[in-house]
Amino acid sequence: MFVSFETHPDRYRHWRLDIAGRVATLSMKVDEDGGLDPAYPLKLNSYDLGVDIELYDAVQRLRFEHPEVAAVVITSGLDKIFSAGANIRVLAASSHAAKVNFCKFTNETRNAIEDASAHSGQRYVAAVNGTASGGGYELALACDHIVLVDDNASAVSLPEVALLAVLPGTGGLTRLVDKRQVRRDRADILSTTAEGVRGRRAVEWGLVDELAPRSRWDDAVRARAEGMAAVSDRPDSGPGVELSPLTRQMEADSVRYPSVTATLDRERGVVEITVHGPEGAQPKSPDELLQAGADSWLLGTARALDDLILHLRANELELGTWLLRTTGDATAVLAAEDVLTRHADHWLVREIVLYWKRTLKRLDVTSRSLLALIEPGSCFAGTLFELALAADRSYLHEGGEPPTRVALSAMNFGPLTMGNDLTRLAGRFLGQTGHVEELATNIGVGLEAQDADKLGLVTAVLDDIDWDDEVRLAIEERVSFSPDALTGMEASLRFAGPETLETKIFGRLTAWQNWIFQRPNATGEDGALRRYGTGHRAEFDTRRV
């Protein structure tokens, strides 16, 4: 089944977006017959990937198209039910890869909500106006504040262990103890009690922040959202940037955007991704960025790369090795991104930087081997050099006229941190603060092969004689390894240094959920996912592994 990640509010089937001044409301009312697979009805506001694609789109549009929105309320359009979480029938019938990709994308969408709260002045309130189970409660956990209706019936729950023999797949356990700092014994009870926790106990345990009766529900939610909006630094008014439809041409062996192209080699299991640098005059001020809109190179390239990563992850599972290339003028890249550092406090500039940050993070957690090929005519500079730093290996082709160069900018030293809150340079040179400081003295300098090698910015420098053979051998070697072993190895090596909420979520998703989804206790013929709703109890192999 082909999955597209592009949509528009006019085509939403599951969400309604309403804006009143500084507050937006996202109401979830899932169309039971509107799932990606119509064979499985999405009852009780349960969701599949398609529901989350709409949510991701709405979060993006609120950030770019509505600068005046400073608080977002997520609630349900159904009576007495917030969300039953991920649809169990869909999960049970999905392939292993589809399950894991679904969990990964939903995590990234909830991380985007938390990113908006932390960095964009756009905070989120979960107005839980009915029972929130599993992924429904996990969606609430991604918000800054949770209001639960006090009706003696509505509860929050994480029933996956008790009912399905899997884990809350979108960070529920980690957000409970790390983000909300719920005591682990209480989190243990919640996670093994299918019916969940309601009312005053939910507040006492820190599972929600406040209760409100139905008689004053609307007033309580509005007051909380308006209070958050009052302290936001987002502008009170002004034009936003419409996220117009992407210009994308898809063929059997290629995907093309104005500034990004991908060539698919299914015989080798390789995709070659090329990011094209800017051409012509670029915006030099926030006003010019606003005028250029979604077609600006800075925003348009981030959107294209984001869409391509999602497309390849969902639809091209056997292309396990990605070759990252750039083409263009490195000085033009540095000139184009100069507006990002000179006007960092402007809301649109901030959103473009954060979009690049999220897109590069999405690349970091993608289960594919990444090899950067730095060749004559490339433009691995500043923001685009982050692609080389994100790669598992980078090869620089020495020679050419003019010589192949890479360049650092201020963007490499702070704005584009990884999920562990380190820059990719700091992660690459972990514990070598002095060396990172030395690198900062080279900002804006075109570094030729030997300098880049000496500074440790590339894996290897190859001349004309060795280039073709060495690159070919590196690709063939990578393709010959077990994809499962590579996924584990790459995920372990990419995140050196401290743990954060985000790295814990993705690390545990990669390891635990990936493993649990393959165990017969969950997905076997007699497993809990298969038996759920049939009236028959699951049969477990009781041996601990």
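The values are calculated or read from the model by the stated rules, or taken from the named source; none is laboratory data. In this text, all values refer to a predicted model and were calculated from it rather than measured experimentally. As a convention, Cβ positions derive from the backbone with ideal geometry for all residues, glycine included, and neighbour counts pool all protein chains shown. Quick note on the areas: whole protein, heavy atoms, side chains included, nothing else; ligands and nucleic acids left out. Shrake-Rupley method; radii C 1.70, N 1.55, O 1.52, S 1.80 Å.
Give a residue-ordered list of calculated ³J(HN,Hα) values for segment 275-284 (Karplus: 6.51 cos²θ - 1.76 cosθ + 1.60, θ = phi - 60°; whole Hz; x for Gly, Pro).
So the J values, rounded to whole Hz, are 9, 8, x, x, 10, x, 5, 10, x, 10.
Between helix 96-119 and the chain, what is the angle of the helix's C-alpha long axis to the longest principal axis, kept within 0 to 90° and rounded to the nearest 10?
Relative to the chain, helix 96-119 is tipped by roughly 90 degrees.
So, taking all protein chains as they sit and a 1.4 Å probe, how much accessible area belongs to residue 62, in Å² rounded to tens?
0
When a/c is below 1.5 the answer is rounded, else prolate if a/b is larger than b/c, else oblate, so apply that to segment 394-478 with a ≥ b ≥ c taken from the square roots of the Cα gyration tensor eigenvalues. Walk me through the intermediate numbers first.
Details: a/c = 2.46, a/b = 1.52, b/c = 1.62.
In terms of gyration-tensor shape, oblate.
So what is Rg over Rh here for the chain, counting just Cα atoms and using Kirkwood for Rh? Intermediate values should be presented prior to the final figure.
Values: Rg = 23.8 Å, Rh = 24.5 Å.
We get a ratio of 0.97 for the chain.
May I have the extent of the alpha carbons of segment 448-545 along their three principal axes, as whole Å values ordered from largest to smallest?
67, 32, 23
Can you give me the relative contact order of the chain as a percent, contacts being Cα pairs under 8 Å and 6 or more apart?
Details: 1033 pairs, mean separation 65.1, N = 545.
The value is 12 percent.
Short version: ³J(HN,Hα) in whole Hz for each residue of segment 436-449, in order, from phi by Karplus 6.51 cos²θ - 1.76 cosθ + 1.60 (θ = phi - 60°), x for Gly and Pro, what are they?
4, 5, 5, 4, 5, 6, 9, 4, x, 8, x, 9, 7, 3
Where in segment 90-132 does the label zone of residue 33 land, with the point 7 angstrom along Cα→C-beta and an amide N cut-off under 20 Å?
Under 20 Å, as judged by backbone N against the label point of residue 33, lie 90 of segment 90-132.
What residues qualify as long-range amide H neighbours of residue 86, i.e. H under 5 Å apart, gap of 5 or more or another chain, H built at 1.01 Å from N?
Long-range HN contacts for residue 86: 47, 135, 136.
Along the charge dipole of the chain, pointing to its positive end and built from +1/-1 on Cβ of Lys, Arg, Asp and Glu, which listed residue (36, 239, 347) has its Cα farthest out?
After comparing all options, I get 36.
What does the net charge come to around residue 397 if you take all other residues with beta carbon closer than 9 Å to its beta carbon, with K and R at +1 and D and E at -1?
-4
With a Förster radius of 41 Å, plug the Cβ-Cβ distance of residue 481 and residue 442 into 1/(1 + (r/R0)^6) and report the FRET value to the nearest 0.05. Write out the running numbers ahead of the final one.
Numbers: r = 35 Å, r/R0 = 0.84.
Efficiency, from the Cβ-Cβ distance: 0.75.
For segment 171-327, build the charge dipole from Cβ charges (+1 Lys, Arg; -1 Asp, Glu) around the Cα centre, then report which of 254, 278, 227 sits farthest towards its positive end.
Among 254, 278, 227, the one farthest towards the positive end of the dipole of segment 171-327 is 227.
Compute the distance from the alpha-carbon center of segment 465-515 to that of segment 531-545, in whole Å.
Using only Cα atoms, the two centres lie 33 Å from each other.
For 317, 211, 312, give the ranking by accessible area with the largest first, probe 1.4 Å. The partial results should precede the final answer.
On the way: 317 90, 211 35, 312 0 Å².
Accessible-area ranking of 317, 211, 312, largest first: 317, 211, 312.
Given the alpha-carbon gyration tensor of segment 104-234, what are the semi-axes of its equivalent ellipsoid in whole angstrom, ordered largest first, with each equal to the square root of 5 times an eigenvalue? Let's see the in-between values first.
Numbers: eigenvalues 110, 73, 27 Å².
After diagonalising the Cα gyration tensor, the semi-axes are 23, 19, 12 Å.
Label points 7 Å out from Cα along the Cβ direction at residue 188 and residue 96: separation in nm?
If labels sit at residue 188 and residue 96, their model points lie 3.1 nm apart.
Cα centroids of segment 11-87 and segment 186-208: how far apart, whole angstrom?
Cα centroid of segment 11-87 versus Cα centroid of segment 186-208: 25 Å apart.
Say R0 is 25 Å: what FRET efficiency, to the nearest 0.05, do residue 263 and residue 493 get from their beta-carbon distance?
Details: r = 27 Å, r/R0 = 1.07.
It comes to 0.40.
What residues have an amide H closer than 5 Å to that of residue 73, excluding those fewer than 5 places away on the same chain, when H is modeled at 1.01 Å from N in the peptide plane?
Those qualifying (amide H under 5 Å, at least 5 residues apart or on another chain) are 24, 25, 26, 125.
Lys/Arg Cβ at +1, Asp/Glu Cβ at -1, dipole of segment 101-195 taken about the Cα centre: which of 119, 171, 135 is farthest positive-ward?
Checked the options; the winner is 119.
Of the GluC sites (Glu not before Pro) in segment 225-319, which ones lie in a loop per DSSP and count no more than 15 other C-beta atoms within 10 Å? List each step's numbers first, then the result.
Numbers: sites: 226, 242, 251, 267, 272, 279, 288, 316, 318; in loops: 242, 267, 279, 316, 318.
When the GluC sites (Glu not before Pro) of segment 225-319 are filtered for loop state and at most 15 Cβ neighbours within 10 Å, 242, 267, 279, 318 remain.
Quick check: pseudo-label points 7 Å beyond the Cα along Cα→Cβ at residue 200 and residue 465, how many nm apart are they?
8.3
Largest first, what is the accessible-area ranking of 13, 180, 268 with a 1.4 Å probe? If you can, show how the numbers build up before the last one.
Numbers: 13 125, 180 45, 268 95 Å².
The ranking, largest first, comes out as 13, 268, 180.
GluC sites (Glu not before Pro) within segment 492-528: which are DSSP loop residues with at most 10 other Cβ atoms inside 10 Å?
Values: sites: 499, 502, 525; in loops: 499, 525.
Sites meeting the loop and neighbour criteria: 525.
How much of residue 228 can a 1.4 Å solvent probe reach, expressed as accessible area in Å² and rounded to 10?
20
In sequence order, what are the phi-derived ³J(HN,Hα) couplings for segment 464-480 according to the Karplus relation 6.51 cos²θ - 1.76 cosθ + 1.60 with θ = phi - 60°, rounded to whole Hz, with x for glycine and proline?
Listing the rounded values in order: 4, 5, 8, 3, 4, 5, 5, 5, 4, 5, 4, 5, 4, 4, 4, 5, 7 Hz.
Can you pick out the pairs among 361/454; 29/179; 99/179; 179/504 whose Cα atoms lie more than 18 Å from each other? Walk me through the intermediate numbers first.
Working: 361/454 27 Å; 29/179 27 Å; 99/179 25 Å; 179/504 12 Å.
Among 361/454; 29/179; 99/179; 179/504, the Cα-Cα distance tops 18 Å for 361/454; 29/179; 99/179.
With +1 on each Lys and Arg Cβ and -1 on each Asp and Glu Cβ, how big is the dipole of the chain about its Cα centre, in debye rounded to the nearest 20?
Rounded to the nearest 20 debye, it is 2380 debye.
To the nearest 20 Debye, how big is the dipole of segment 22-82 about its Cα centre, given +1 on the beta carbon of each Lys and Arg and -1 on that of each Asp and Glu? Don't skip to the end; give the middle numbers.
Working: 6 positive and 11 negative charges, 71 e Å.
For segment 22-82, the charge dipole is close to 340 debye.
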